[in-house]
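Have a look at this one.
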Amino acid sequence: MPGLNQVLNLWPIKPNVTVITFSSIKDGNSGLIEHVFVLGRQGSGQEMIDKLLILNLEDSTLDSELIGAKLTEDGLDFNLVRVENEKDFVSAMEGTVFDLVLADYSLPSFDGLTALKIALEKRPEVPFIFVSGAIGEDLAAEVLKCGATDYVLKNRMSRLAPAVRRALQAVEERTERKRLEAEKEQLINDLQAALANVRRLTGLLPICMHCKKIRDDKGYWNQLEAFISEHSEVAFSHGLCPECREKYYP
């Protein structure tokens with residue numbers, strides 16, 4: 001899971017981009033620890049590594065903090081990177097791999113559907129959930145049809161944490177499914193390779209009725225055991241049958 005140090009290395013934090021870390025383990029009287037990054041300077045970083053990394057497209061700082069508080073109440077530990085325009089959103093999507101995108105639908109200079117299209121183009125595997133107050137049933141159906149994972153109304157924030165958990169669980173299941181499919185495909189390839197190495201003798205074999213030598217496809221006569229060994233996985237162990245032992249070694 002990417003940490004904020006990786007974000008700093010891959011994607012320069014800008015003055016209008018706020019990064020907040022939320023922890024379900026409360027520090028004093030608050031579970032919210034804010035880290036504002038200005039021109040690449042971070043307030044604190046080491047304790048923010050290995051948390052869930054969420055990209056939040058939201059023009060309201062208050063709404064962004066509310067989103068974080070609701071998720072924290074449900075026991076999630078995460079870093080929330082808030083952006084509010086298309087340029088920063090694209091930079092974030094290109095600069096690192098987020099675990100989840102939470103996006104408002106209506107912003108002053110950007111819209112949620114365009115953000116969804118960008119996210120699906122650049123990181124189709126990352127869940128995208130709309131968190132908005134300006135979305136009706138018809139619009140909700142449209143965004144789901146366009147590829148959004150889910151949507152949550154801002155006046156029903158109690159649905160947010162369950163929606164996030166479902167989305168993350170779906171990603172885990174999809175990843176596990178792909179792993180199993182890859183293992184299955186590898187097993188099939190291994191079996192096919194093994195079968196390709198199995199040699200079988202089929203058809204008619206020209207054999208001398210007296211000496212029992214076999215003629216190969218090049219016209220040469222070979223000892224029976226030599227021919228079979230060359231064209232199959234059979235190995236011979238020589239011995240004497242009772243009749244031959246009595247005949248040749250009385």
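According to the square roots a ≥ b ≥ c of the eigenvalues of the Cα gyration tensor, what is the shape class of segment 51-135, taking rounded for a/c under 1.5, prolate for a/b larger than b/c otherwise, and oblate for the remainder?
oblate
Which lysines have a Cα less than 20 Å from the Cα of K178, not counting those fewer than 8 places away in the same chain?
K122
Can you give the extra length, in nm with one decimal, that the chain gains between N189 and D74 once fully stretched, where that is 0.36 nm per residue apart less the Cα-Cα distance?
Working: separation 115, 0.36 × 115 = 41.40 nm, distance 4.46 nm.
Full extension of this stretch gives 36.9 nm more.
Right, here's the next one. Do any GluC sites (Glu not before Pro) in segment 66-138 lie in a DSSP loop with no more than 11 other beta carbon atoms within 10 Å, and if so, which? Each step should come with its number before you reach the end.
On the way: sites: E73, E84, E86, E94, E121, E125, E137; in loops: E84, E125.
Counting only loop positions with at most 11 other Cβ atoms within 10 Å, the GluC sites (Glu not before Pro) in segment 66-138 are E125.
So, one more: Roughly what would the spin-label model give for Y248 and R166, points 7 Å off Cα along C-beta, in nm?
8.1
Take the alpha carbon gyration tensor of segment 69-109, find the square roots of its eigenvalues, order them as a ≥ b ≥ c, and report rounded if a/c is under 1.5; if not, report prolate when a/b exceeds b/c, else oblate.
Cα axes put segment 69-109 in the oblate bin.
Assuming a ≥ b ≥ c are the square roots of the Cα gyration tensor eigenvalues, decide whether segment 114-250 counts as rounded (a/c under 1.5), prolate (otherwise, with a/b larger than b/c) or oblate.
Prolate shape, in that a/c is at least 1.5 and a/b is the bigger ratio.
Would you kindly give the portion of the calculated P(r) for segment 199-250 that falls above 14 Å, as a percent of all Cα pairs?
Value for segment 199-250 (Cα pairs over 14 Å): 62 percent.
Quick one: if the Förster radius is 25 Å, what FRET efficiency do D138 and S109 give, using the C-beta to C-beta distance and rounding to 0.05?
E(calc), rounded to 0.05, equals 0.55.
Since every read-out is calculated from the coordinates, none of them should be taken as a lab result. Everything numeric in this text was worked out from a predicted model, so none of it was measured. Positions of Cβ are generated from backbone atoms using ideal geometry, with glycine treated the same way; all protein chains shown enter the neighbour counts.
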